[in-house]
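Below is one structure, written out as structure tokens; the observations come after it.
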Amino acid sequence: MISVCIATYNARKYIHSQIISILDQLSPEDEIIISDDVSTDDTVDVILKINDPRIKVIKGNSRLGVIKNFERSLYAAKGELIFLSDQDDIWLPNKISLCKVQLDRFLLVVTDCVVVDANLNSLSPSFFALKKSRKGIMRNIYRNSYIGCCIAFRRELLDIALPFPVGIPMHDVWLGILAEIKGDVAFLPNKLLLYRRHGNNLSGLDSHFSLLKKIKMRISLILNFFIRLLWLGLIRALKFIKSR
């Protein structure tokens, strides 16, 4: 079973075309989990009008922000393979089938994508080329190239990744580096997504943070990795003691 997790906020303009591009690749037993962060437009109505039983919408009463909104969708996911999706991109037809094959070997995969504008005109033929994307723990702490909308992973990663700590810069780098620590990841050169860039995106190709803010974010990320790994080690130790 596959779960596609989407975090939405005021997504009415693009969410319909995004969902259709995903549904066309899913089997009847798969699901799309959409966590809506109290949209003030008719995002939820647009989604419900698609009227597909594979779509499950979660609505909250207060704003969570993008990281915790994605976290809520991940907690609700039931699939053994989990794909992350933005609210405004377009999936290309072979995205799921190719990633499924690679997830037999890798804990997490990241695919390349074509960067486009709001009207789907090409801005760059390769996100990987723009960001010099590749795996490497310290490399991605310094300059993250894990792009959430292009990530898919096996469910076992959630056992160590959830809950997302407060203070991490974004959920994608957290998932990517934990996957490198726990197993193996692959950066696939296949372009399987039209990555829409416009003024309403929450993430950007170029960081707008000050140098001091960037340093603080990286220190927070490293500290949270150490805390999570120590906690997981303690849990394993307690389980071992109980089994004796």
Do we have I215 as exposed (fewer than 12 other Cβ atoms within 10 Å of the Cβ) and at pLDDT 90 or above here? no
Read through the list (1) surrounded by fewer than 19 Cβ atoms within 10 Å (Cβ to Cβ); (2) in contact with an Asp or Glu (Cβ under 7 Å, 6 or more places away or on another chain), then give the number of the only condition that I147 fails. (1)
From the option list G183, G176, G199, single residue qualifying as small (G, A, S), farther than 30 Å from E80 by Cβ and either crowded, with 16+ Cβ neighbours inside 10 Å or at pLDDT below 95 (or both) is G199
Taking first residues from segment 20-32 that are within 14 Å of L193 (Cβ to Cβ) and second residues anywhere that are of a type in the set (A, V, I, L, M, F, W, C), the pairs with Cβ under 6 Å that are 6 or more apart or on different chains are S21/I90; S21/W91; I22/V4; I22/W91; Q25/I96
Considering residues that are closer than 12 Å to A7 by Cα and either among the aliphatic types (A, V, I, L, M) or surrounded by fewer than 17 Cβ atoms within 10 Å (Cβ to Cβ) (or both), the number found within segment 77-102 is 1
How many residues of segment 155-169 are in contact (Cβ under 8 Å) with a residue 40 or more places away in the chain and charged (D, E, K, R)? The answer is 2
Sort through A77, A11 and tell me the only one that's within 22 Å of N119 (Cβ to Cβ) and within 18 Å of the chain's Cα centre (by Cα). A11
Right, S35: closer than 16 Å to L193 by Cβ, of a type in the set (G, A, S) and open to solvent by less than 40 Å² (accessible area, probe 1.4 Å) or not? no
Of the residues in segment 169-195, those that are over 21 Å from L92 (Cα atoms) and within 14 Å of the chain's Cα centre (by Cα) number 10
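The values are calculated or read from the model by the stated rules, or taken from the named source; none is laboratory data. Worth saying up front: this structure is predicted, and the values here are computed from it rather than measured. All Cβ positions, glycine included, derive from the backbone under ideal geometry; neighbour counts span all protein chains shown. Accessible surface areas use protein heavy atoms only, side chains included; no ligands, DNA or RNA. Shrake-Rupley method; radii C 1.70, N 1.55, O 1.52, S 1.80 Å.
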